[in-house]
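Only one structure is covered here, and it is reproduced in the block below.
The values are calculated or read from the model by the stated rules, or taken from the named source; none is laboratory data. All of these numbers come straight from a predicted model, not from anything done at the bench. Virtual Cβ from ideal backbone geometry, glycine too; neighbours counted across all protein chains shown. Surface accessibility is based on the protein's heavy atoms, side chains included, excluding ligands, DNA and RNA. Shrake-Rupley method; radii C 1.70, N 1.55, O 1.52, S 1.80 Å.
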Amino acid sequence: MSADLLDRLRVAVGPRHVLTGDLAAGHCRDWTGRFVGSCTAVVRPGSTDEVVAVMAACGGAGVPVVAQGGNTGLVGGAVPQGEAVVLSMVRLDAVGPVDPVSGQLTAGAGSPLARVQEVARGAGWRYPVDFAARDTATIGGTIATNAGGHHVVRYGMTRQHVVGVEAVLADGSVISRLGGLVKDNTGYDLAGLLCGSEGTLAVITAARLALVPDVGTVAVALVGFTDVAAAIRAVGGLRRTLPGVEAIELMCADGMAAVGAHLGASIPISGAEAYLLVEVVSTDPLDELATLDSVGGLVDAAVASDAVGAAQLWRWRESHTEVINRAGPHPPHKFDVTLPLASVAAFIDEVRGDVATRHPGARVWIFGHAGDGNLHVNVTGPSPDDTDIDALVLGMVARFGGSISAEHGIGRAKQPWLHLSRSATEIAAFTAIKAALDPRGLLNPGVLLPDQRLS
Ligand code: 2HG
Ligand code: ZN
């Protein structure tokens with residue numbers, strides 16, 4: 001079967017774009033190294049027609065297809081298993097042009113996020129979805145996970161910016177809605193459905209994206225607080241008093257110390273137990289940030305209003321993922337969760353306490369997007385397959401009324417825990433949608449929902 005399928009794949013995309021063996025290995029593990037799988041081959045289609053041909057070949061052989069963008073996801077959602085074929089989207093990377101009238105552009109699924117941001121800026125617009133993996137993460141991946149990032153507090157998640165998509169369905173047919181109509185209430189919103197579907201319903205090949213005007217200048221403040229509770233209490237006031245606020249990010253003292261050691265730099269302010277990184281974009285961002293003086297629990301603040309200084313302050317936030325991944329002894333267990341904002345401080349106390357009791361050698365790292373109540377709880381120490389730690393943290397999130405995934409998706413990491421955030425009726429509806437669009441269960445099986453071929 002495999003040799004025959006490989007032949008068909010070579011015909012579909014050209015022999016140079018069918019990778020096997022060592023060349024495919026890097027596509028079979030996630031960025032953290034926690035999730036490792038296997039595949040028959042990695043194929044790199046160069047057009048939507050080639051994606052269709054790959055789907056036909058894999059469908060004919062009954063082999064699963066796993067779409068993969070930059071492979072920067074953090075829940076194992078793009079890690080193939082068994083004999084799956086990885087559909088690497090990186091060659092579908094055409095971006096633009098920007099339509100100056102509507103402020104929209106069309107991007108291929110494999111376009112790096114940073115490239116889309118750059119093309120938008122070059123035309124006086126911005127694509128506001130942004131996060132540290134911007135150079136590698138692809139537009140298709142950000143849509144498949146409904147990515148969030150730093151600017152959600154002002155601009156919302158990826159779904160808010162997707163006007164339409166082109167996608168190949170499991171049977172090889174193509175849906176295409178790239179005309180850019182903002183108002184279009186003609187039935188089910190298929191683009192919206194594919195946002196956050198994690199490659200389980202269709203393969204996204206391109207998207208029409210809505211941009212926002214690139215106006216104002218940026219200023220960033222690193223603000224130190226006496227403790228996490230004070231930092232979280234400040235969030236509502238910051239949103240009310242800073243009309244141009246674009247990001248309110250949380251960091252803790254232990255994470256900042258580890259980042260400082262990694263960067264070989266001293267934290268720009270001292271004496272704080274918790275930090276908020278606050279970004280403002282407006283006509284006079286420094287004037288807005290002057291109001292910080294009156295915030296309760298504030299210890300000190302460092303402000304940057306030029307691009308270099310702002311980037312330096314952002315390094316303190318954006319380096320967390322890399323530093324934690326190196327902390328060892330194993331890749332971290334990553335819990336991207338949302339809590340009701342009022343419960344964030346109590347949750348952090350309890351999760352640190354319970355992990356210390358049940359896993360004495362483990363370290364808990366917490367940072368995230370305070371403006372959205374989105375915490376990135378990382379635990380290092382437990383081995384990759386230790387599910388007790390997953391049960392502990394995610395169970396606690398559910399008890400606090402939170403969600404077990406804020407912005408990374410469910411993937412493989414949280415598939416067994418979906419019931420903590422979704423009712424049996426909701427999961428039944430998900431299963432019915434999956435069965436309707438992918439009746440043979442060949443699209444990313446085992447991600448988000450159980451592998452239906454096994455039931
Ligand atoms: C971020 O906000 C990303 O930096 C990664 O969502 C979070 O590494 C993480 O846990
Ligand atoms: Zn994040």
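Below are the figures for this structure:
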| quantity | calculated |
| --- | --- |
| Within the accessible area of the chain (1.4 Å probe), percent carbon and sulfur | 54 |
| Solvent-accessible area per residue, Å², over the chain with all protein chains present [probe radius 1.4 Å] | 40 |
| Whole-angstrom gap from the stretch 330-359 to the stretch 241-315, using each part's C-alpha centre | 23 |
| Whole-Å semi-axes of the stretch 362-455's equivalent ellipsoid (Cα gyration tensor) | 27, 16, 12 |
| Kirkwood Rh and Cα Rg combined as Rg over Rh, evaluated for the stretch 243-386 | 0.98 |
| For GLY14, net neighbour charge (Lys/Arg +1, Asp/Glu -1) across residues whose Cβ lies under 12 Å away | +3 |
| Candidates per GluC sites (Glu not before Pro) in the stretch 317-380, loop by DSSP, up to 13 other Cβ within 10 Å | none |
| Cut-off 15 Å between beta-carbons: net charge of the residues surrounding GLY62, Lys and Arg +1, Asp and Glu -1 | -2 |
| Residue-averaged 222 nm ellipticity for the chain, from DSSP H runs of 4+ at -39500 (n - 2.57), nearest 500 | -9000 deg cm²/dmol |
| Protein-only accessible surface order, largest first, of ARG399, ARG412 at 1.4 Å | ARG399, ARG412 |
| Nearby lysines by direct alpha-carbon distance to LYS334 (threshold 19 angstrom, same-chain neighbours under 8 apart not counted) | LYS414 |
| In order through the stretch 403-418: 3J(HN,Hα) via Karplus (6.51 cos²θ - 1.76 cosθ + 1.60), integer Hz, x for Gly, Pro | 10, 6, 9, 8, 8, 9, x, 8, x, 8, 4, 10, 3, x, 10, 3 |
| As computed over the chain, the Cα convex hull volume per residue (Å³) | 146 |
| Rh by Kirkwood over Cα pairs, then Stokes-Einstein D for the stretch 356-404 at 1.002 mPa s and 20 °C, µm²/s | 182 |
| Square roots of five times the Cα gyration tensor eigenvalues for the stretch 298-455, Å | 32, 20, 17 |
| FRET efficiency, 1/(1 + (r/R0)^6) with R0 25 Å, evaluated for ASP293 and SER270 via beta carbons | 0.90 |
| Cubic angstrom per residue, convex hull over Cα atoms of the stretch 119-202 | 122 |
| Those aspartates and glutamates that a straight Cα-Cα span of less than 16 Å connects to LYS434, excepting residues fewer than 8 apart in one chain | ASP171, ASP189, GLU198, GLU426, ASP451 |
| Rounded if a/c under 1.5, otherwise prolate or oblate - the stretch 1-142, Cα gyration tensor axes | oblate |
| Proximal charge balance of GLY297 [Cβ under 13 Å; K/R count +1, D/E count -1] | -3 |
